[in-house]
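Data first, discussion second: the structure below is written as structure tokens.
The values are calculated or read from the model by the stated rules, or taken from the named source; none is laboratory data. Keep in mind it's a predicted model, so treat the numbers as computed, not measured. Neighbour counts run over all protein chains shown; Cβ positions are idealised from the backbone, glycine included. When the accessible area is computed, the model is the full protein with side chains, heavy atoms only, and any ligands, DNA or RNA have been set aside. Shrake-Rupley method; radii C 1.70, N 1.55, O 1.52, S 1.80 Å.
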Amino acid sequence: MAKPLSILFVSSEVSPFTKIGGVADVAFSYSLAMRELGHDIRVMFPKYSQISERKNKIHEINRLKDILIPVGKEKIPATVKSSSMNNNKVKVQAYIATNDEYFESRKGIYIDPRTGKDYEDNAERFIFFCKSIIETCIILGWFPDIVHANDWQTALALAYVKYLYPKKFAKTKFVFTIHNFGKQGEFPNLQYSKIGLPDSLQNNFLHQKKINFLKAGISFADYVTTVSPAYAKEILKPNDYSNGLHTALEAKKDKFTGIMNGIDTYNWNPKIAEHLKTKFRGDIEGFKTANKSELLNEFDLKPKPNTPLIGMISRIDNQKGFPLLIDSADELFKENIQMVILGDGDAELKKKLQKIQKKYPDKLSLKFEFNEPLSHIIEAGTDMFLMPSLYEACGLNFMYSLNYGSIPIVRAVGGLSDLATDFIPPKNIGNSFSFKNYLPKDLISAVKRATQVYKNQDQWLSLVKNGMTANYSWAGSAKKYDEIYRSLF
Ligand code: ADP
């Protein structure tokens, strides 16, 4: 094998320490996959108040205690701590930046639960985090071959490495991955001087006259990736959510590609998953029936024979297609179905969902919370899994669902259009039911096609069986990243 590389992978969320979106799952499973390829990969993230030191065996490193991080004209104290994550094969070192004011004293991660809005100093919080990444490397005397940053929160790390310590990091290359092009870290009121970089670099941050951290990540990276080939094509074109930033990608076109995420085949393996009381032991019907009954009980729904149970686990926002679901509800619940939704987010959308739940109490049940163990039971206990997304960079839940025997019904956009092949009954080919147009009638028609096939239990079982044997491990995609890294030297 070629010489292993040293890689610092920085992400604002890393599972199992903290998770809001798919980037956290990727940070975990990707870094373990790269470690399995032999690389010295280490991850770094901020310590939010939800992260328990005891549970995660987080400890101090003497050299990284009480260090001072320059932010604007101030020096902010930080202590960088250590922990690790592992699967049953390898272990990855984790560095965790702690600071009371910016992270530990706050209940929310990006959003202040008291106001329901973004923290006003989010820019400063992540400037601090990105600077702490660089200072950590300097103190450790570790100058990795690759710094791989993810999404706007860590984008500035690339610029700091490149321009604050050009000599120390002279050999370091920079990769930037976009997990959501709709979230750009746009800060109209931020003074550029706070960022602490030369004025000559300001244009790399400015998009439509506002400071845009995502643009900086794209500009400073040696290579940019996103998390599926179809999403890469979508975001190169103008669209409703990208705020015109496709122009920055267009300028980087030759150094930009989409690579499908893999999944964590350790924690999301139905044979051994910690959160499943009834694990998969080879009997699909037994596995699904036991988990369905536990799930219905958990959601206070009465079991109904011959009725498919549909699940959703998602941030509740426009991106995930909740307005479409809401507009489809009356037609949808005419069908013989039951549905459970786990998620949290937009207050208005939640209110609308509650109204629908009151109208169809024996068909729909909701839980507005973040609950990782329950998310496993939903995947294992549902027959179908709905993703009517407006846009979707990858769509990890598609893969978790198939692994757990829940058949996806999806809007074929972004990563979902790479993953979904429509099930065609007479031919018995395809893995899911999909629709293209963001319209209630198209969503309903996909659900109807699924419920029709469900009536033929033999056919349904063979569809489920095919899904459960699909391989979504990181093996292939980790090699693609390996090739990109090596192409930069
Ligand atoms: P995104 O990153 O756009 O939010 P993804 O589908 O890539 O979407 O990843 C979201 C991940 O977070 C999935 O693994 C999903 O199951 C999980 N998730 C979302 N909301 C919840 C919740 N309320 N409880 C548990 N897991 C959740």
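The figures follow:
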quantity	calculated
Subset of the range 302-321 that is under 17 Å from Ser375 (Cβ atoms) and away from the ligand (no atom under 11 Å from the Cβ) - its residue that is nearest to the chain's Cα centre (by Cα)	Ile310
Filter result (in a loop (DSSP other than H, G, I, E, B) and either open to solvent by 50 Å² or more (accessible area, probe 1.4 Å) or touching a strand residue (DSSP E or B) at 6+ places or on another chain (Cβ under 7 Å) (or both)) within the range 196-213	Gly196, Pro198, Phe205, Gln208, Lys209
Among (1) within 30 Å of Ile272 (Cβ to Cβ); (2) touching a residue at least 60 places away in the same chain (Cβ under 8 Å); (3) buried (at least 22 other Cβ atoms within 10 Å of the Cβ) - the single one Leu332 does not satisfy	(1)
Given (1) within 25 Å of Asp25 (Cα to Cα); (2) touching a residue at least 40 places away in the same chain (Cβ under 8 Å); (3) in the same structural domain as Ala27 (by TED's automatic domain parsing); (4) out of contact with any Gly (no Cβ under 8 Å at 6 or more places or on another chain), index of the condition Leu245 fails	(1)
The range 461-475, residues that are more than 22 Å from the chain's Cα centre (by Cα) and either touching a residue at least 60 places away in the same chain (Cβ under 8 Å) or part of a loop (DSSP other than H, G, I, E, B) (or both)	Leu461, Val464, Lys465, Thr469
Residue ID - farthest from the ligand (Cβ to nearest atom), chosen from residues in the range 278-301 that are within 17 Å of Asn403 (Cβ to Cβ) and in contact with a strand residue (DSSP E or B) (Cβ under 8 Å, 6 or more places away or on another chain)	Lys292
Answer residue from the range 1-31, given it is closer than 13 Å to Val90 by Cβ and more than 16 Å from the ligand (Cβ to nearest atom) and is least open to solvent (accessible area, probe 1.4 Å) among those	Ser31
Yes/no for Tyr360 being outside the structural domain of Ile109 (by TED's automatic domain parsing), open to solvent by 10 Å² or more (accessible area, probe 1.4 Å) and away from the ligand (no atom under 15 Å from the Cβ)	yes
Flag if Ala475 is within 20 Å of Thr257 (Cβ to Cβ) and away from the ligand (no atom under 16 Å from the Cβ)	yes
Cβ-Cβ under 7 Å pairs, at least 6 apart or on other chains, the range 397-409 side open to solvent by 10 Å² or more (accessible area, probe 1.4 Å), far side among the β-branched types (Val, Ile, Thr) and modelled with pLDDT of 95 or more	Asn397/Ile313
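Per-residue answers, yes or no, for (1) in a helix (DSSP H, G or I); (2) out of contact with any helix residue (DSSP H, G or I) (no Cβ under 8 Å at 6 or more places or on another chain); (3) among the hydrophobic types (A, V, I, L, M, F, W, C):
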{"position": "Lys215", "(1), (2), (3)": "yes, no, no"}
{"position": "Ile218", "(1), (2), (3)": "yes, no, yes"}
{"position": "Val224", "(1), (2), (3)": "no, no, yes"}
{"position": "Tyr231", "(1), (2), (3)": "yes, no, no"}
{"position": "Pro238", "(1), (2), (3)": "no, no, no"}
{"position": "Tyr241", "(1), (2), (3)": "no, no, no"}
{"position": "Gly244", "(1), (2), (3)": "no, yes, no"}
{"position": "Thr247", "(1), (2), (3)": "yes, yes, no"}
